[in-house]
Amino acid sequence: MLNKYFFYKKNIELKWMIILPVLVLLSISLITLYSTKSSISLIESNFFKQCIFVLFGFIIFYILQYVRNVFFYEMAYVFYFILLILLIITLFMPSKFGASRWILVGPIRFQPSEFGKIIIVFTLSKFLADYKNNINDWKLIPFTLLIASFPAILIFKQPDLGTSIIFPAVTFPMLLWAGVRPFHLFVVISPILSIIAAFNLKLFYSWMFVLILVIFLSQPKVKNGIVLFIINLFFGTLSSFLWNNLYAHQRNRILTFLDPTSDPLGAGYQIIQSITAIGSGGFLGKGFGQGSQTHLRFLPVRDSDFIISVIGEEFGFILIFIVFATFYFLLYNIINSSSKLNNKFGSFALIGFVSTIFFHVIINMGMVVSLFPVTGLPLPFISYGGTFLLTMIAIISIINNIISSDIEV
Amino acid sequence: MQNFNYKRKSTILIMNFFIGIFFFILLIKYFQIQILNHQKYVNKSRRNSIRQVIQKAPRGIIYDRNGIAIVDNRPIFDLQLIPEDVNKNFDYHLFSSITEIDSNSVKLKVFNKKNNINKFKPITIKRHLSYIEMSRLNENLLSFPGMLFSELPARVYPNNCKLSHTLGYLREVNEQQISIENSVYKYGDIIGTAGIEKQYEDVLRGIDGVEFHMVDKFGRDHGIIDDEIKYNKKSGSSIQLTIDSDLQLFCEELMYGKNGALITMNPISGEIISIVSSPQFDLNSFIGPIPFSTWNNWNRDKSKPLNNRVINGYYSPGSIFKLVTAAMILENPSINHNEKINCSGNYKYYDVDMNCWNLDGHGDVNLNEAIKYSCNVYFYKLIQEFNLDDLFNMSEKMGFNKKTNIDLPNESSGIIPDKKYMNQKYTSRGWAFGNLLNFVIGQGEVITTPIQIAQFMNIIATKGETKEPKLLLNSKSKNIKVNLNDNSWKFIQQSLEDVVNQKGGTGLNTKIDKGGIVSGKTGTVENPPNEPHSWFAGYLKTEENDLLSLAIIVENGGKGSATATPMAKRVFEKYVSIKQ
């Protein structure tokens, strides 16, 4: 039985094309955290804690190499239900910073929503691997979205908007991978985009233009095209109704996103300070430990969500570019590997993980320069934070495992 | 399977394109912020985090002529708490036992600010900590998280002598002083408002330094930025006064409880050795700039402690003024000053009865005797040979009716009436020669200040070759030249010596037994219905030919010979003992 799920003897094969960029990103993380530790003693510093997490991550990486993929495949739904139960428990946990995201077991504190990022990919991968040839697009889309939405809603309730977005977001690339027509996915996404775009009239017009262009290029039946357009118009007008039903702090967040300078000492403060820090870094940056913005704590949560501002200020555009290049190199290699896999479940999982990493990167790096609203998503491998780092290393370990032991399941 | 792989290839293209596009857009945004708008954000980040911190420069120290500090600086400390940093480890019980401030009121102050936007701004709990309080608080530093001391410079007066009027005091600058063009003052600065502190403000004032500190968004200080320009503070220059603090203290104690003034000077150099205006105010009774309430109380006090009687006290000179007429007599060749004139104790000028102070009369007196006994009638009679202009001109020659130019602010010039003055006061028909009889004995409209009387003694002691009075040691002061015949000077000097040293002289109480010879003149200023003011002015010539002039007035002290003379004697004796 155990032999079915675990390897007893194995030569661990490291896929350097995937491991190497991760090591580069981890190095950048530790250098940056060392720079911001300033006068705090080493033991108390985030740098030291992150070093411990990295070492712990290596152990997890090693252990996961001994787990057969079939274990994840067969246990996916079980994990999924455990996740739901844990998320429900989380809601009843005492809150911290106005949110209850953690489960406390003695001295250990962990965030089920982080591990949930892995579980949702397994669950969707199993579902798609099992059914992708048996049911058509129109049924595949609502089923997968339904699977993603249960944990997403529970996480949204914590409240943790950023993480809850990730769950439905990863389903779309996976559906695309499953062969669902891009136009069908577009039909599902477009009403949501209509609502968002309607906050700004110019943006809404541009969006309508894109919508017409896509409908025209995709050449659906005339009737369907017109219906899609009208539905989108309807959702656009729904915006103002939704707006009136938002809480003040939610509205505030949207307004601040649209114009951070409107509230320089309140909600827009983080963004203004973050952009100032990044901008003042220039091409080469102010140098190691020289970031006045970050060191003087003008930047809140500088070690976690806003760590890219520290990098931008102290190491400049050059390192920002390297970070982007490294992520692109990593994502490209994973996608490339997944296309060569015979293991359908593994192939879907890889695409799911690529999406997870990708969405984290663009939302985080967009958020610090005001391209996206502040949602509180950390930057993979770089941001400080134990559970998140371990999740990301676990993902890399599983990817490595899937690629190096490609057996069809 | 083939189909699946083909489809995968186009999907891979879409995905890579998607990732690429998003990364590209983000990269452009970073490029725009970091490269295109770089300078804008550099400026912004500087504004964000740099603050000017003023380093208060200490004022110059004031020393006496022997290098003993009379005015010094001492930093004083206020006790402050930063509400945000005060946590549950704060020992309120210990805190209140050291500072003697009710712990509940401290708690209330802190908690009111804790959730406030100013929670990082220090709040002052107690002003002007004592040394003991501060060291006890420092010992228990760990029990008081969030505690800090804010330093401000203040004056201290380490010497026992007060010298209050001369030193003056400091006040906070007012709106007007700041708003002057090119004003060096800013809000919260202190400025010398009286006395030496005002006179030598430019010398004593230091130049505040400026440091550029890093501050975070809460205003917390993170220290100096090295690569920024730094202006070092420059302490004010110290000054040395001509005052001998030993003699000064002696004179102050002598004048204690009396109203009046006492000055001693070196006639040759014009240096002021001691200077007392009584009553004094206590500069040590407050810390830092003078509080408004204290100043107000002094200002309302009937004995006028804020009034510097030495330079602003308006007193009739009394009989001392007879010496001016004596000089006029001596300089007039047609008058024989040895000719005796009878004093019967009474003089009738037309229908006015004028008395000598000795109602029994002095008998036949010449000029020397008239000075020695301070006979009024002799001068009543001889002034007939002169007119008002003569008296006015000689008075001005002797330094009256004008400022002595002592280096203190707001000196008064006294009054010697001339025709214009009298016409203005009484109209041209309202006054007559008879008024002169009053002036000649130093009464009536003749007003002098004690410093003028002291200078008058300088002129006599040096035969008219003295210098303007000064308080700043080693500074230049203008020469004063009074031209009289050498014989006239000798005669006046001899007469003054006789006043003190010969039997029947009014200044006999001032005679000292050893160390030198005192010369001088008494004066009594009628002040009905109160007791008359008591004057003595003179000089000491020590055995080493050292000179010390002196002027003393004691308000309501009775006759000059009664109160002022023995006091003058003690000062001279003290000076002799210091010299030895």
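Each reported figure results from applying straightforward, stated rules to the coordinates on display, with no laboratory input. Please read these numbers as outputs of a predicted model, since none were measured by experiment. Cβ: placed from backbone, ideal geometry, glycine included. Neighbour counts: every protein chain shown.
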First select every other residue whose beta carbon is under 11 angstrom from the beta carbon of B:SER235; then total the charges, Lys and Arg +1, Asp and Glu -1.
+4
Output the relative contact order of chain A, whole-number percent, from Cα pairs under 8 angstrom with separation of 6+ residues.
25 percent
Rounded FRET efficiency, nearest 0.05, which uses the C-beta distance separating A:MET17 from B:LEU13 and R0 of 22 Å:
0.70
Looking at this model, which pairs from B:LYS40/B:LYS113; A:LYS286/B:LYS109; A:LYS49/B:LYS109; B:LYS88/B:LYS233; B:LYS372/B:LYS402 are more than 30 angstrom apart at the alpha-carbon?
B:LYS40/B:LYS113; A:LYS286/B:LYS109; A:LYS49/B:LYS109; B:LYS88/B:LYS233
R0 of 45 Å, Cβ-Cβ distance B:ASN112-A:LEU84: FRET efficiency to nearest 0.05:
0.45
Pairing the Cα long axis of helix B:564-579 with the longest principal axis of chain B, what angle in degrees results, from 0 to 90 and rounded to the nearest 10?
60 degrees
Using only DSSP helix segments of four residues or longer, with each worth -39500 (n - 2.57), what per-residue ellipticity at 222 nm results for chain A after dividing by its residue count and rounding to 500?
-23500 deg cm²/dmol
How big is Rg to Rh over the protein assembly as shown, alpha-carbon atoms, Rh as the Kirkwood inverse-mean-distance radius?
1.31
Pairs from B:LYS419/B:LYS490; B:LYS322/B:LYS559; B:LYS467/B:LYS541; B:LYS503/B:LYS574 whose Cα-Cα separation, in the structure shown, is over 21 Å:
B:LYS419/B:LYS490; B:LYS503/B:LYS574
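Do you know the relative contact order of region A:181-245, to the nearest whole percent, from alpha carbon pairs under 8 angstrom that are 6+ apart?
On the way: 36 pairs, mean separation 32.6, N = 65.
Relative contact order for region A:181-245 comes out at 50 percent.
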Say each of B:SER143 and A:TRP243 gets a label point 7 Å from the Cα, pointing the same way as Cα to Cβ; how far apart are those two points in nm?
6.0 nm
Using 7 Å Cα-to-Cβ label points, what is the B:GLU385/B:LYS514 separation (nm, one decimal)?
4.4 nm
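What's the extension gain from B:THR294 to B:GLU253 if we count 0.36 nm per residue and subtract their Cα-Cα distance?
Gain in length upon complete extension: 12.4 nm.
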With contacts defined as alpha carbon pairs under 8 Å and 6 or more residues apart, what's the relative contact order of chain B in percent?
13 percent
Using the alpha-carbon centroid of each, what span in Å lies between region B:284-301 and region B:248-276?
24 Å
Using the number of other C-beta atoms within 10 angstrom as an exposure proxy, rank B:HIS362, B:HIS38, B:HIS165, B:HIS337 with the fewest first.
B:HIS337, B:HIS38, B:HIS362, B:HIS165
Helix-derived [θ] at 222 nm for chain B: sum -39500 (n - 2.57) over DSSP H runs of at least 4, divide by residue count, nearest 500?
-10500 deg cm²/dmol
When the Karplus curve 6.51 cos²θ - 1.76 cosθ + 1.60 is applied with θ = phi - 60°, which whole-Hz ³J(HN,Hα) does each residue of region B:90-105 get, with x for Gly and Pro?
5, 8, 5, 5, 4, 4, 6, 6, 7, 8, 6, 10, 4, 5, 5, 5
Report Rg (one decimal) and Dmax (nearest whole number) for region A:181-245, counting Cα atoms only, units Å.
11.7, 37
Give the angle, between 0 and 90 degrees and rounded to the nearest 10, that separates the Cα long axis of helix B:245-255 from the longest principal axis of the Cα atoms of chain B.
60 degrees
Rounded to one decimal in nm, the spacing of the 7 Å Cα→Cβ label points at B:PHE433 and A:ASN342 is 15.0 nm
Amide H proximity to B:ILE415 below 5 Å, modelled H, separation 5+ or other chain, gives B:ASN401, B:ILE447, B:THR448
